[in-house]
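*Asks:* Would you mind keeping the following structure in view while I ask a few things?
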Amino acid sequence: MDEGAAIRIVDRFTLRYRLPDGSTVVDRLVAGRRDLTAVDREMLLGWRDPVEGIFEIQRKEGDAVVLLNLVDDLEYRTYSNVGRAAFRGVSKGGFLHTCLVPVHSAGGAWLVSGAMSSYPRSSATEIARAALELATSQPELVFRNPEKIEQG
């Protein structure tokens, strides 16, 4: 198993896996940390609903990149906890496979969570197939977009 796959497993377990009592690791973290502010609690609890996808890089804006999710057809203004260095080497028209979590205190902002794999524009055909496979194997990812719910 490569490092990216291992990171994705840990990320999925931390954010989405339901423990026997129905809680997630994030739920337990928040419950055990009385020193968190209300804003920090809200942000962490929002991480229980991450966005997994294959994204086309629309543009760079300062420390962020604007990504179009090929699965749910929504745009995400995305940051990394290591700053713009995380997006060095990626360019408009390229692709990223990653997971995003919301940053509630910065409305409309998202943060890369876990591994991020990048692909050049020239891999568009393979990326389209991978996005279609992800959408058909996990249709709930498509229906994050209210327009797709209406179409469905």
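The values are calculated or read from the model by the stated rules, or taken from the named source; none is laboratory data. Because the structure is predicted, anything quoted here is derived from the model rather than measured. Note that each Cβ is placed from the backbone with ideal geometry, even for glycine, and that neighbours are counted across all protein chains shown. All accessible areas refer to the heavy atoms of the entire protein, side chains included, with ligands and DNA or RNA removed. Shrake-Rupley method; radii C 1.70, N 1.55, O 1.52, S 1.80 Å.
*Asks:* Quick one: longest stretch of the chain between exposed loop trypsin sites (Lys or Arg not before Pro), exposed meaning at most 12 other C-beta atoms within 10 Å and loop per DSSP?
*Replies:* Details: sites that count: Arg18, Arg33, Arg34, Arg88, Lys92.
No qualifying site falls inside 93-152, the longest such stretch.
*Asks:* Continuing with this model, one more query. Can you work out the PRE-style zone for Leu68? Point 7 Å along Cα to Cβ, and I want the residues of region 80-115 with backbone N under 14 Å.
*Replies:* It comes to 92-96, nothing else.
*Asks:* Along the Cα-to-Cβ line of Asn145, 7 Å from the Cα, sits a label point; which residues in region 57-71 have backbone N less than 16 Å from it?
*Replies:* Inside the label zone: 57-58, 67-71.
*Asks:* I'd like to check one number: the per residue accessible area of the chain, probe 1.4 Å, reported in Å² as a whole number.
*Replies:* Values: 8870 Å² over 152 residues.
Solvent-accessible surface per residue comes out at 58 Å².
*Asks:* Let me ask something additional. Say R0 is 30 Å: what FRET efficiency, to the nearest 0.05, do Glu3 and Val25 get from their beta-carbon distance? Walk me through the numbers before you get to the answer.
*Replies:* Working: r = 20 Å, r/R0 = 0.68.
Calculated transfer efficiency: 0.90.
*Asks:* Over region 10-152, what percent of the accessible surface lies on carbon and sulfur atoms, probe 1.4 Å?
*Replies:* Working: 4350 of 8120 Å².
Carbon and sulfur together cover 54 percent of it.
*Asks:* At what distance in nm do the modelled label points of Ser123 and Gln138 sit from each other, each positioned 7 Å from its Cα along Cα→Cβ?
*Replies:* 1.8 nm
*Asks:* Please report the net charge: other residues with Cβ closer than 12 Å to the Cβ of Ser91, K and R +1, D and E -1.
*Replies:* Spelling it out: positives minus negatives among the neighbours equals +4.
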